[in-house]
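The values are calculated or read from the model by the stated rules, or taken from the named source; none is laboratory data. Predicted model, so just to flag it, every value in this text is computed and none were measured. Each accessible area value is taken on the protein alone, full model and side chains, heavy atoms only, with ligands, DNA and RNA left out. Shrake-Rupley method; radii C 1.70, N 1.55, O 1.52, S 1.80 Å.
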Amino acid sequence: DDTIEDWKQHLRLARFAYAFIDIETHKIITTGMAVVFDNRIVRIINILTENSHKNRGLGKALFGYLLYKVSQDPRLEC
């Protein structure tokens with residue numbers, strides 16, 4: 001139920017943002033983003049995959065990568 005203003009704030013706060021790009025077409029096919037609040041609360045706010053590339057495990061792989069990167073960030077107070 002986030003508003004446009006909420007999303008703008010998420011983008012300003014994004015510490016982790018990644019994308020998979022199709023090497024043949026050079027188009028973004030999957031994106032994922034996580035934001036950090038107060039150096040201790042992480043919210044993964046989206047994992048999006050282009051319709052033509054769904055059901056190939058790309059979103060799941062990017063989600064796993066986001067979790068890995070978050071767990072390795074020494075700035076977080078977990």
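What does the helix-only formula give at 222 nm for the chain: each DSSP H stretch with n ≥ 4 adding -39500 (n - 2.57), the total divided by the residues, and the result rounded to the nearest 500 deg cm²/dmol?
-10000 deg cm²/dmol
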**Asked** Helix 58-72: angle to the longest alpha-carbon principal axis of the chain, degrees 0 to 90, nearest 10?
**Response** 30
**Prompt:** When ligands, DNA and RNA are left out and all protein chains stay put, how many square angstrom of accessible area per residue does segment 36-78 have with a 1.4 Å probe?
**Reply:** 75
**Message:** For a quick check of understanding: with a 1.4 angstrom probe and all protein chains in place, what accessible area in square angstrom does residue 28 have, to the nearest ten?
**Reply:** 100
**Prompt:** Based on the Cα atoms of the chain, what semi-axes does the equivalent ellipsoid have, where each is the square root of 5 times one gyration tensor eigenvalue, given in whole Å with the largest first?
**Reply:** 24, 16, 10
**Asked** Hey, if we sort 60, 54, 69 by accessible area with the 1.4 Å probe, largest down, what's the order?
**Response** 60, 54, 69
